[in-house]
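K.L.:
Pasting in a structure now, in structure tokens, and then I'll have a few things to ask.
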Amino acid sequence: NAVVIRAKDGKEAIKMCKRNSKIDLVLMDIKLPEVNGLEATKQIRKFRKTLPIIAQTAYAMSVDEDECIKAGCDAYICKPVKIDPLLKLIHHYIN
């Protein structure tokens with residue numbers, strides 16, 4: 001029962017989160033054009049402090065996870081994304 005909306009880049013993701021207060025969770029790709037996912041997360045945190053943001057990235061180093069958390073992401077998941085761990089994360093933050 002979810003409505004999925006997609007942003008083409010980090011700049012659009014920031015605008016969508018600012019304009020749509022009904023967004024309950026963000027799956028933030030880290031490698032995005034225009035504004036990368038880390039910077040987009042930092043910008044979103046300025047006006048949506050409690051919005052759950054889950055970073056998703058092909059980078060699988062522990063340093064990368066730390067960078068995501070420092071930028072304001074609540075959680076981190078590696079690509080290729082496995083459905084069960086992703087659903088558990090979503091359930092944790094939505095319910």
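Conditions (1) of a type in the set (A, V, I, L, M, F, W, C); (2) touching a Gly at 6+ places or on another chain (Cβ under 7 Å), marked per residue:
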position: E12; (1), (2): no, no
position: C17; (1), (2): yes, no
position: T41; (1), (2): no, yes
position: A58; (1), (2): yes, no
position: K70; (1), (2): no, no
position: L89; (1), (2): yes, no
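K.L.:
Which pairs turn up if I take residues in region 1-28 that are over 12 Å from R48 (Cβ atoms) and look for partners that are of a type in the set (D, E) and outside any loop (DSSP other than H, G, I, E, B) with beta carbon separation below 9 Å, at least 6 apart in sequence or on another chain?
P.N.:
From region 1-28, the pairs are R6/E12; G10/D29; G10/E39.
K.L.:
Return only the number of the condition from (1) in contact with a Lys or Arg (Cβ under 6 Å, 6 or more places away or on another chain); (2) charged (D, E, K, R); (3) at pLDDT 95 or above that E34 does not satisfy.
P.N.:
(3)
The values are calculated or read from the model by the stated rules, or taken from the named source; none is laboratory data. These figures come from a predicted structure and were not determined experimentally. For neighbour counting, all protein chains shown are included, and Cβ atoms are generated from backbone atoms with ideal geometry for every residue, glycine included.
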